[in-house]
Amino acid sequence: MQKLLERKATTHGGRNGKISQTLSGLTLELAKPVEMGGVVNQKTNPEELFSIGYSSCFASSIEYLLQVSKTPYEDIKVTVTTALVTDGDQGFKFDIQVEASIKGLSKTDEKNFIQQAFQFCPYSKAIKGNVNVVIK
């Protein structure tokens with residue numbers, strides 16, 4: 001196994017914390033969502049960050065597979081919705097919904113590439129077997 005790249009981030013605090021020490025210089029403020037007793041704000045949370053990471057990774061996986069197969073396409077769009085749900089006395093877990101589309105392909109080819117990307121994507125692999133994922 002060859003390491004291709006590595007990135008890190010540091011979070012200070014919990015739901016009302018701050019993310020920093022990223023290579024890009026990105027700094028984000030976290031805030032408890034309204035649904036968890038927080039107030040309306042423009043800050044982020046772990047669920048939103050997971051959706052950001054997974055949607056960009058899934059889209060990148062589709063792009064990679066299309067390029068390797070030399071399949072022309074017009075556009076890729078991936079929306080990930082991350083829901084925090086209770087897990088009995090085990091705390092919480094995620095339920096994920098992935099909506100993906102590839103403009104410029106037949107419906108059959110589009111479906112095939114999306115399924116391949118689901119198997120290929122590192123985020124999909126990381127959560128396989130312990131997170132419910134629905135692909136639309």
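Where a number appears in this text, it was derived from the coordinates with a stated rule and is not lab data. From a predicted model like this one, the values you see are computed outputs, not experimental measurements. Positions of Cβ are backbone-derived with ideal geometry, glycine not excepted, and every protein chain shown enters the neighbour counts.
Report the normalised scattering of the chain as log10 I(q)/I(0) at q = 0.10, 0.19, 0.20, 0.22 Å⁻¹, calculated by the Debye formula with identical scatterers on the alpha carbons. The computed values of log10 I(q)/I(0) come out as -0.42, -1.19, -1.24, -1.33. Of the cross-linked pairs K3/K125; K8/K93; K103/K136, those separated by over 21 Å at the C-alpha level are K8/K93.
Taking the Cα centre of the chain as reference, the dipole from Cβ charges on Lys and Arg (+1) and Asp and Glu (-1) amounts to some 300 debye. Given a 10 angstrom Cα cut-off, can you work out which residue in D75, D89, D109 is the most mobile in a GNM of the chain? Result: D89 has the largest fluctuation of those listed. Highest mean packing first, where packing is the average number of other Cβ atoms within 10 Å per residue, the peptides 37-48, 54-65, 3-14 line up as 54-65, 37-48, 3-14. Relative to the dominant Cα principal axis of the chain, helix 46-68 is inclined by about 20°.
Label sites at S24 and L49, each approximated as a point 7 angstrom past Cα along Cα to Cβ, lie 1.3 nm apart.
Pair-distance distribution of the range 1-44: all C-alpha pairs, bin width 10 Å, starting at 0; shares per bin in whole percent are 27, 38, 23, 10, 2.
Taken along the Cα-to-beta-carbon direction at a fixed 7 Å, the label points for A83 and K128 span 2.4 nm.
The angle between the Cα long axis of helix 107-120 and the main principal axis of the chain comes to about 50°, on a 0 to 90 degree scale.
Across the range 20-136, the relative contact order, built from alpha-carbon pairs under 8 Å that are at least six residues apart, equals 22 percent. If you run the Gaussian network model on the chain, springs between alpha carbon atoms under 10 Å, then out of Q115, Q21, Q97 the most flexible one is Q21. Applying the Karplus relation 6.51 cos²θ - 1.76 cosθ + 1.60 with θ = phi - 60° to the range 84-99 yields 3J(HN,Hα) values of 8, 10, 6, 10, x, 8, 8, x, 10, 8, 9, 10, 10, 10, 10, 10 Hz, where x marks Gly and Pro. Using 0.36 nm per residue and subtracting the Cα-Cα separation, the extra length available between E6 and Q42 on full extension is 10.1 nm.
The value obtained for the range 65-111, namely the Cα convex hull volume divided by the number of residues, is 93 Å³ per residue.
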